[in-house]
Each structure stands twice: as C-alpha cells, then as structure tokens.
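Reading through the structure tokens given below for one structure.
The values are calculated or read from the model by the stated rules, or taken from the named source; none is laboratory data. What you are looking at is a predicted structure, and each value in this text was computed from that prediction instead of being measured. FYI the Cβ positions are ideal-geometry reconstructions off the backbone, even for glycines, and counts take in every protein chain you see. With ligands, DNA and RNA removed, areas are computed over all heavy atoms of the protein, side chains included. Shrake-Rupley method; radii C 1.70, N 1.55, O 1.52, S 1.80 Å.
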Amino acid sequence: GNSGGPLLGIDGAVLGVCAAIDPEADRIGFAVPASMARVVATHLQANGRLVRSFLGVQLTEDPEGVRVVSVLPDSPAGEAGLRAGDRIRTWGGEPVGGLAPFRWRVATTPPGTMTALTIERGLLRLDLSVRTEEAPDRTGR
C-alpha cells in the first residue's frame, strides 16, 4: 500500500503523509497534513511517545467558536470554572476558529501550561485561566 508515504503536490512539495484509515475503501485516499505530521514527529522525537493536553470538556461547534456541552469533575476545565453552556471564544489570546482547530490547539499545548481563554456565559464575557494536564492514556497500557 501507500500508507506512510508522502502525498506530493505537482511541484514535488510534501503536502501530507498517506494513511490507511479504511481498508475497505476503494479508490479513496486519506492523508495527514504535513504540518500536523511535523508536530507529531517532533513530540515523538522529544518524548518517545505522543504527549497531548486535555481540558476535560465535551464540546460542540458554535458559530463564533465552540460551546461547552459538559465538564468532567476535577478536570482542568472544572478547576478553571468552565460550565456547560459556556462559549469559548479565544485560547491564548487568539480566536478559537472552530471545533477541530480548537481541539488541535489544546492537544498541542504542552501539559502544565497556564493558558488564558475568553468565554461568553449568557451576556457576560469572562477571562479565565486554565492549566492543561496531560491527556489520559486511552490505550489501556
């Protein structure tokens, strides 16, 4: 197969890394963007494993960012004061930009980092700080 090989542009630039996601897929190609692969490779080289941060929230898309659906007790989000219904607008002073970009930014923030976020709670606009934690290992190892 082609998995693990580069996805090249017409000029020969590496655009991504080919990945087999569905073995039953016929004539459908998937690739991890090169920018994402670089971040993952850097983490693997530095730590020998992929280290990601988490907040402990369930989120959904919102027209201007993301909305908190639920907050895990004793999580970084809970300790920061986030609540279900809050709308997260900024992370580290930058607009959230949607669900997938926000998840990526949180995951790639080093664990233990104190990060400013701006939320909307009803008519209130609040500035909070949250200290990320290392995401739990979901592989069972």
Only one of Leu72, Leu59 that is open to solvent by less than 50 Å² (accessible area, probe 1.4 Å) and on the phi < 0 side of the Ramachandran plot: Leu59
Scan of region 42-56 for residues that are open to solvent by less than 50 Å² (accessible area, probe 1.4 Å) and either modelled with pLDDT under 85 or touching a Leu at 6+ places or on another chain (Cβ under 7 Å) (or both), ordered by number: His43, Val51, Gly56
Test: residue in region 128-140 that is free of Cβ contacts under 8 Å to residues at least 24 places away in the same chain, charged (D, E, K, R), within 21 Å of Val40 (Cα to Cα) and open to solvent by 70 Å² or more (accessible area, probe 1.4 Å): yes
Residues located in region 100-123, provided they are more than 8 Å from the chain's Cα centre (by Cα), aliphatic (A, V, I, L, M) and open to solvent by 60 Å² or more (accessible area, probe 1.4 Å): Met114, Leu123
Strands (runs of 3 or more DSSP E) contained entirely in region 1-41, each with at least 3 residues that are at pLDDT 85 or above and surrounded by fewer than 10 Cβ atoms within 10 Å (Cβ to Cβ): none
Cβ pairs under 8 Å, 6+ apart, first in region 24-46 and closer than 15 Å to Leu7 by Cβ, second open to solvent by 80 Å² or more (accessible area, probe 1.4 Å) and at pLDDT below 80: Gly29/Asn2; Phe30/Ala20; Phe30/Ile21
